[in-house]
Amino acid sequence: MTSKVALVVYPMFDILDLSILTVFGVANHFAPGSYAVDVVSLPGGLVPSKSGVSVDTKAFASDTYHTIIVAGSTGIPPSVPGLADYLKEAADRAQRIASACTGVFLLAEAGILDGRLVTTHWAFADALVHRFPNIRIAPDRIFIREGKYWSSAGSLACIDLVLGIIEADLGQDVTKQVSKVMVIYPRRGGGQSQFSAAIDIDAKEQRIRRALAFMKENLREPLSIQQLADSVNWSRRHFSRTFQAETGMSPAKAIEKLRVEAAKVMIENGHSSVGRIADHTGFGDDERMRRAFLRVLGESPQKFLGRPRQPNVVVGA
């Protein structure tokens, strides 16, 4: 049976969200006829994106869609007269309602998210709570499913959301095939964090960038300052000074942050042995990893292990 999907766009939407169409298209390759996707808007016709490229759309009609996905924007979307009414009516008929990034603001304006748990790009979480205090928000999740309501974080998290939808509809095997063909990382669980220590640690100096890459590839090793300096053919003293100037932190602090992130990802992916995680990520022992988690994240590994694997993905009606 074919599921009809509507991607709802509006003036100044984020054109990156059109990648959703590709994901559904690849799914159709492995499960022919699974999805029929329309790009729709209130007036129909050409709708300008934030990038300046216009997209041809179908006008809102009485069509009943199984899944409605509201595109996001690079900022908070402006109110579109008539859109909230359409979304409210369409939501009553649809089996699944979803938003990409800040598209959640438009669903909230339609009054269909009160009391529900949602996510969005972390930079707009406070604004969402301020404008819609009856909504519950988890600002650091990749995507969330609560019953028939789905929401995702910013940028490419819309792909994770659609892969989650495909997995719910067609199973893991098809989802893995789609990921492989698109050369993207297998679906991240909705409970994973949006944030990355690797993003926070960057440098302009090429040798420092090489040292950071060396760190990430060898986290399980002791990684002494001398070893890092040798990897870029600098003296230990010059390396330490330049690293601090480029990244704003010492090499030891950077290693700790990267190890904590690697350990956290292992926990989010279902690993439950603290000792094995500590060994795999270079901490060496449980207590050393526990202290590092408290310094970097303010919580112990046991706190993360004690949470459901996908704590903000609620399945059911």
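Could you check the stretch 114-134 and list, in sequence order, the residues that are crowded, with 18+ Cβ neighbours inside 10 Å, without any contact (Cβ under 8 Å) to a residue 40 or more places away in the chain and more than 21 Å from residue 74 (Cβ to Cβ)?
Hit for the stretch 114-134 is 116, nothing else.
Only one residue in 51, 79, 62 is assigned to a loop (DSSP other than H, G, I, E, B) and more than 27 Å from residue 127 (Cα to Cα). Which one?
Checking each option against the conditions leaves just 62.
Just to be sure, is residue 42 within 18 Å of residue 85 (Cβ to Cβ), assigned by TED's automatic domain parsing to the domain that holds residue 153 and in contact with a helix residue (DSSP H, G or I) (Cβ under 8 Å, 6 or more places away or on another chain)? Steps first, answer last, please.
Values: within 18 Å of residue 85 (Cβ to Cβ): yes; assigned by TED's automatic domain parsing to the domain that holds residue 153: yes; in contact with a helix residue (DSSP H, G or I) (Cβ under 8 Å, 6 or more places away or on another chain): yes.
Yes, satisfied.
How about the stretch 143-159: which of its residues are in contact with a Ser or Thr (Cβ under 6 Å, 6 or more places away or on another chain), at pLDDT 95 or above and not hydroxyl-bearing (Ser, Thr, Tyr)?
Matches in the stretch 143-159: none.
Hey, among the residues in the stretch 88-142 that are hydrophobic (A, V, I, L, M, F, W, C), at pLDDT 90 or above and part of a loop (DSSP other than H, G, I, E, B), which one's farthest from residue 161 (Cα to Cα)?
This residue is 132.
Considering the stretch 1-27 alone, what residues qualify as being over 16 Å from residue 74 (Cα atoms), part of a helix (DSSP H, G or I) and in contact (Cβ under 8 Å) with a residue 40 or more places away in the chain?
20, 22, 23, 24, 26, 27
The values are calculated or read from the model by the stated rules, or taken from the named source; none is laboratory data. Here the structure is a predicted model, which is why all the values come from computation and not from measurement. Heads up, the Cβs are rebuilt from the backbone with ideal geometry, glycines too, and the neighbour counts pull from every protein chain shown.
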